[in-house]
Amino acid sequence: MAILGGFEKAISFIKKNANHPFIQFQLEKSNIEVSEIKTYEDFLKIRTISRKDLADLSKDSKSFFSLFESCPLKIFESPGGILNCLFDRYNQYRFYKALEISSFGPCDIIVNTFSYHLTPAGEMFEEASEKIGATVFPLGPTNSDKCAEIIRKIGATAFIGTKTFLKKVLEVLGKENPLLKAYLIAEKITESERKYLSENYKIEIYQGYGTAEVGLIATECEYKDGMHIDDEIFVELLSPDHQKHVSEDEIGEVVVTLLNSKYPLLRYSTGDLSKYTLQKCVCDREIPRLLGIFGRVDSSVKVKGVFIHQWEFDEFCLNLGLNGRLEVENKGGVDQLILKINKNVQNIYEIFKEKFKLSLKDVVINDEINKNEIVDNREYLKER
């Protein structure tokens with residue numbers, strides 16, 4: 001059974017908030033009434049909502065905002081043109097709980113390397129750090145030398161960001177590394193990578209899983225044997241057709257219902273693939289765990305924490321009048337993008353970076369390419 005979290009709690013939440021415009025909108029799209037939702041089979045009739053659906057809704061901001069009962073505290077835009085609205089400080093994103101489990105606390109000086117512009121990641125961990133009483137340096141994106149300089153200057157004890165950037169910063173810091181711990185998200189870290197960083201830089205590394213749309217989904221405890229699912233969401237792991245839940249030994253798509261009365265998102269299909277376990281953790285928390293993220297259900301990819309969606313890539317190719325194949329490789333522990341196109345385009349490196357906020361490693365001209373596709377060749381995504 002891949003219903004991870006209290007189903008009765010989810011049903012109770014929907015009934016209690018049945019008059020919320022966003023819940024009404026999602027149920028109307030599914031042709032189902034609140035009174036008809038009594039069993040999990042009934043719940044499956046609620047249509048899942050995808051990133052593409054949210055991107056389409058975001059095109060008309062006035063209509064999108066009308067689906068909520070209050071004005072957003074902040075508005076962000078994620079890749080794909082998705083408007084991410086913060087309505088409920090601390091309780092909507094909930095990453096403070098992940099930091100607490102990861103032994104972050106009031107005595108820590110945290111360097112937050114996530115962006116404070118456009119996307120909500122910087123804000124997510126700013127408020128989380130504030131909630132637990134830690135001191136934050138709101139660094140945002142910069143080069144590894146500058147980050148290392150700041151870490152030394154302020155005596156930072158903790159790092160928040162991506163695996164790729166942490167590795168670069170630690171290489172600069174070397175044996176003078178003052179960081180004691182790091183919380184990583186948006187990129188998968190393998191056990192071999194964790195062991196290498198821990199042994200060479202004496203740093204404790206935790207990783208979590210979340211999205212811009214729902215905030216925290218799951219996070220590791222001190223034993224790092226899978227990620228405990230947060231108790232303020234309802235999680236399903238579904239088969240490709242979304243008609244049944246997968247068993248404990250199968251991989252399924254993570255679908256999340258956010259139990260937040262100000263932003264009630266029902267059955268959000270993340271597009272991420274995972275496995276789960278119901279076995280009790282050594283930490284004694286009786287919470288189901290996700291055993292990692294093992295790729296995507298579609299051709300979309302996440303590189304260095306940034307999504308590139310198939311529909312965005314199609315639009316990119318159409319606007320340039322070409323066919324393209326975007327390949328993701330991992331060389332020496334660093335993700336790289338290679339773009340293969342069927343004709344030469346002037347300034348293609350700059351055009352790509354402007355569109356996707358990521359740099360290409362190489363561009364290859366191949367006139368035999370006759371369709372647009374994204375191919376992920378990263379083997380480490382298959383590891384736990």
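The values are calculated or read from the model by the stated rules, or taken from the named source; none is laboratory data. Note that the structure is predicted; figures quoted are calculated from it, not measured. Cβ: placed from backbone, ideal geometry, glycine included. Neighbour counts: every protein chain shown.
The single residue among Gly122, Gly105, Gly140 that is in contact with a His (Cβ under 9 Å, 6 or more places away or on another chain) and more than 20 Å from Ile293 (Cα to Cα) turns out to be Gly140. Just one of (1) hydrophobic (A, V, I, L, M, F, W, C); (2) surrounded by fewer than 24 Cβ atoms within 10 Å (Cβ to Cβ); (3) touching a helix residue (DSSP H, G or I) at 6+ places or on another chain (Cβ under 9 Å) fails for Phe234. It is (2). Looking across Lys175, Lys195, one residue alone is part of a helix (DSSP H, G or I), closer than 13 Å to Lys224 by Cα and modelled with pLDDT under 95. It is Lys195.
Counting the residues of the stretch 266-299 that are under 21 Å from Asn84 (Cα atoms) and outside any strand (DSSP E or B) gives 2. When the strands (runs of 3 or more DSSP E) confined to the stretch 307-379 are screened for residues that are polar (S, T, N, Q) and touching a strand residue (DSSP E or B) at 6+ places or on another chain (Cβ under 9 Å), those reaching at least 1 such residues are found at 324-331, 334-341. Restricting Leu339, Leu326, Leu259 to those that are modelled with pLDDT of 90 or more, under 30 Å from Gln24 (Cβ atoms), more than 17 Å from the chain's Cα centre (by Cα) and of a type in the set (A, V, I, L, M) reduces the list to Leu259.
To keep it simple, each residue is scored yes or no on (1) at pLDDT below 95; (2) aromatic (Phe, Trp, Tyr); (3) crowded, with 23+ Cβ neighbours inside 10 Å.
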{"position": "Arg94", "(1), (2), (3)": "no, no, yes"}
{"position": "Glu100", "(1), (2), (3)": "no, no, no"}
{"position": "Ser115", "(1), (2), (3)": "yes, no, no"}
{"position": "Ile132", "(1), (2), (3)": "no, no, no"}
{"position": "Arg152", "(1), (2), (3)": "no, no, no"}
{"position": "Gly155", "(1), (2), (3)": "no, no, no"}
{"position": "Phe159", "(1), (2), (3)": "no, yes, yes"}
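Would you pick out the residues in the stretch 326-364 that are among the acidic types (Asp, Glu) and crowded, with 17+ Cβ neighbours inside 10 Å? Show your work before the answer.
Our first condition is that a residue be among the acidic types (Asp, Glu); within the stretch 326-364, this holds for 327, 329, 335, 350, 354, 362.
Scanning the stretch 326-364 gives Glu327, Asp335.
Among the residues of the stretch 231-243, are any in a loop (DSSP other than H, G, I, E, B), within 30 Å of Leu278 (Cβ to Cβ), of a type in the set (Gly, Ala, Ser) and at pLDDT below 95? Reasoning before the result, please.
The first filter runs over the stretch 231-243 and keeps only residues in a loop (DSSP other than H, G, I, E, B), leaving 231-232, 239-243.
With within 30 Å of Leu278 (Cβ to Cβ) added as a condition, the list becomes 231-232, 239-243.
Imposing the further condition that a residue be of a type in the set (Gly, Ala, Ser) reduces the set to 239.
When the remaining residues are screened for being at pLDDT below 95, the result is 239.
Yes.
Give me a count of the residues in the stretch 17-30 that are surrounded by fewer than 14 Cβ atoms within 10 Å (Cβ to Cβ) and over 18 Å from Ser50 (Cβ atoms).
Filtering the stretch 17-30 down to residues surrounded by fewer than 14 Cβ atoms within 10 Å (Cβ to Cβ) leaves 19, 21, 28-29.
Still in the list and also over 18 Å from Ser50 (Cβ atoms): 19, 21.
Total meeting the criteria: 2.
Of all residues in the stretch 247-271, those being over 16 Å from Ile14 (Cα atoms) and either of a type in the set (S, T, N, Q) or surrounded by fewer than 20 Cβ atoms within 10 Å (Cβ to Cβ) (or both) number 7.
Being assigned by TED's automatic domain parsing to the domain that holds Cys221 and more than 18 Å from Gly305 (Cα to Cα) narrows it down to one of Lys74, Lys131, so name that one. Reasoning before the result, please.
Values: Lys131 fails: assigned by TED's automatic domain parsing to the domain that holds Cys221.
Among Lys74, Lys131, only Lys74 is assigned by TED's automatic domain parsing to the domain that holds Cys221 and more than 18 Å from Gly305 (Cα to Cα).
Take the residues in the stretch 37-82 that are among the small types (Gly, Ala, Ser) and out of contact with any helix residue (DSSP H, G or I) (no Cβ under 9 Å at 6 or more places or on another chain); name whichever of them is surrounded by the most Cβ atoms within 10 Å (Cβ to Cβ).
Filtering the stretch 37-82 for residues among the small types (Gly, Ala, Ser) gives 50, 55, 58, 61, 63, 66, 70, 78, 80-81.
Checking which are out of contact with any helix residue (DSSP H, G or I) (no Cβ under 9 Å at 6 or more places or on another chain) leaves us with 50, 61, 70.
Details: Ser50: 17, Ser61: 12, Ser70: 11.
The residue in question is Ser50.
Considering only residues in the stretch 277-307 that are closer than 30 Å to Gln336 by Cβ and polar (S, T, N, Q), the one that is surrounded by the fewest Cβ atoms within 10 Å (Cβ to Cβ) turns out to be Ser299.
Going by the structure shown, is Tyr263 of a type in the set (Ser, Thr, Tyr), assigned to a loop (DSSP other than H, G, I, E, B) and not assigned by TED's automatic domain parsing to the domain that holds Ile369? Give the steps one after another, and end with the answer.
On the way: of a type in the set (Ser, Thr, Tyr): yes; assigned to a loop (DSSP other than H, G, I, E, B): yes; not assigned by TED's automatic domain parsing to the domain that holds Ile369: yes.
Here the answer is yes, as Tyr263 does meet what is asked.
Taking the criterion of being in contact (Cβ under 8 Å) with a residue 60 or more places away in the chain and not in a loop (DSSP other than H, G, I, E, B), the residues of the stretch 178-191 that qualify are Lys181, Tyr183, Glu191.
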